[in-house]
Structures are given as C-alpha cells and as structure tokens.
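Contents: one structure, followed by commentary.
The values are calculated or read from the model by the stated rules, or taken from the named source; none is laboratory data. Since the structure is predicted, the reported quantities are computational estimates derived from the model, not experimental observations. Please note: Cβ atoms are built from the backbone with ideal geometry, for glycine as well, and neighbour counts cover all protein chains shown.
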Amino acid sequence: MSKAIGIIPARLHSTRFPKKILHLIEGKPMVVQVYERAKKANLLEDVIIAIDSTETELALKPFKVKTVMTSDKHISGTDRIQEATQEIEVDIIVNIQGDEPMLDPELIDNLVDELSDTHIELVTVAGMKLDAKNLNDTNTVKVLLDRDGFAVNFRREPVEAEAGGYYHHMGIYAYKKATLERFVKLEVSENEKELKLEQYRALDNNIPIKVILTEKVFKGIDTMDDLKQFKAE
C-alpha cells in the first residue's frame, strides 16, 4: 500500500485577500477548517500545514494542528510543498488548498486511489457542472478533457470553440513524489507565463494530468466576495 500524506501550503500574505488563511470561520482560522476536513480522509497517513511566518505559527498553535515552517520566498504552493516533503519518505503527496473550507475528504481518497495506477503521475479534480457565471468568471479555471479523462488544456477565459466541453477545475492535486520533485525543477513554460496557470508546466513537459470528475464542486475563497457568498450558503 502506498503511503500518502496531505500538505496544505499556507502562504500568509495572499494578494487578493490578505491573511485569508487566518480569517476566522466559526471561531477557527480558515486553514484549520481545511486541515480538520483533510484529516477525515481515510487514505492519508498524515496532514501537515506548510507555513511561512511566525504570525501563522502563533495563530495556529492553540488548535493543535501539525505545521512545518518553510521559506517565505516560494513563488508557488507547489514549491512550498516540495520543501515540506523533501525529507519525508512518502509515495503520494496531496496538495490541498488552504482556502477551501468545504473540502470533501472523499475526494482526497479518490485522488490517492487513482494514483495506484502506475501509469498515472499527477491527478486533479473537476466539477461536472459549470454554469454560465463560472464559465465567464476569470477566477474560475476551466479544463477541457480528452476521451480518456486527461486534461487537454486549462483556461481562465473561455474559447468559444471549446466552451461546451469545459469542466470546473478545482485546485486540489495528488502527485507521485518523484513527479513533484521533477516538476519543481522544470523551467516555467511559456503557456504558464502567459495564462498564469501552473498546470501548463506539467502539460508542456509531457506530464499528463488525469482528471477525476465529481458532482461536488467546492470553490476556493479567493476574495472577500467569495467569503460573503460562502457565508450566505
């Protein structure tokens, strides 16, 4: 049985919603809500929050969550995860976003289970339903799939010829550890730069991305408007 762990990259100074990971939801920081949900996954042996500041460390201390301090210089959460796991003996690493307090633990198990296939290196999740609002929202990433369920491309802005085939991409990934280590050593690709989507670094370097489809769509809280909508639901 492969050993799998979940890592929640927790950068403090997010741009659109400063310090959102520490924003209290029902008395607990948002990232703690995510951590507690992730701990309910059956196939994870451990869950760790990869932090980058003493402020975060102090804020999380009362909640008895497991943390590891990482550099505050990382450009992406993927780099932070690689640092957090480089000394850990593990087969599968699940990248869990710290701004998704409605995370479904079952999806984590589905990701880990998918990587039991030796031909799959990287897997993510997409929602089957994509309404007109989210289709045209540049904060909602769309994914187009081939007939075998692998990502063909990712978009922020829809392309008319593809619009009928998009699914609602959710920012949770699982990697084989060797794939993650390979990924972070690759140069940023031109598509990644242009479209501001890190997934293209994998696609542009021939790392296929398998996509699991689900009816359960959970959207990350990127802005204050997202938070208001979350509280209203």
Candidate set: the range 85-100, residues that are over 10 Å from the mean Cα position of the chain (by Cα) and surrounded by 23 or more Cβ atoms within 10 Å (Cβ to Cβ); chosen: the one farthest from Phe17 (Cα to Cα): Ile92
Filter pass, Lys142 being of a type in the set (D, E, K, R), crowded, with 20+ Cβ neighbours inside 10 Å, at pLDDT 95 or above and within 27 Å of Gln33 (Cβ to Cβ): yes
Within the range 64-92, tally of residues that are among the hydrophobic types (A, V, I, L, M, F, W, C) and either touching a Gly at 6+ places or on another chain (Cβ under 8 Å) or over 29 Å from Asp113 (Cβ atoms) (or both): 2
Only listed residue being in contact with a Gly (Cβ under 8 Å, 6 or more places away or on another chain) and crowded, with 19+ Cβ neighbours inside 10 Å, chosen from Ala38, Ala59: Ala38
Residues of the range 6-35 satisfying the condition of being among the hydroxyl-bearing types (Ser, Thr, Tyr) and surrounded by fewer than 24 Cβ atoms within 10 Å (Cβ to Cβ): Ser14, Thr15
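One line per residue, one yes/no per condition, for (1) touching a helix residue (DSSP H, G or I) at 6+ places or on another chain (Cβ under 9 Å); (2) in contact (Cβ under 8 Å) with a residue 60 or more places away in the chain; (3) of a type in the set (Ser, Thr, Tyr):
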| position | (1), (2), (3) |
| --- | --- |
| Glu26 | yes, no, no |
| Val31 | yes, yes, no |
| Glu36 | yes, no, no |
| Ser71 | yes, no, yes |
| Gly98 | yes, yes, no |
| Leu103 | yes, yes, no |
Residue that is farthest from Asn134 (Cα to Cα) [pool: residues in the range 194-219 that are crowded, with 17+ Cβ neighbours inside 10 Å and polar (S, T, N, Q)]: Gln199
Residue identified as among the acidic types (Asp, Glu) and in a helix (DSSP H, G or I) among Asp117, Asp113: Asp113
Only listed residue being over 18 Å from Val112 (Cα atoms), within 18 Å of the chain's Cα centre (by Cα) and of a type in the set (D, E, K, R), chosen from Lys28, Lys20: Lys20
Among the candidates Glu57, Glu36, residue that is of a type in the set (Asp, Glu), modelled with pLDDT of 95 or more and more than 18 Å from the chain's Cα centre (by Cα): Glu57
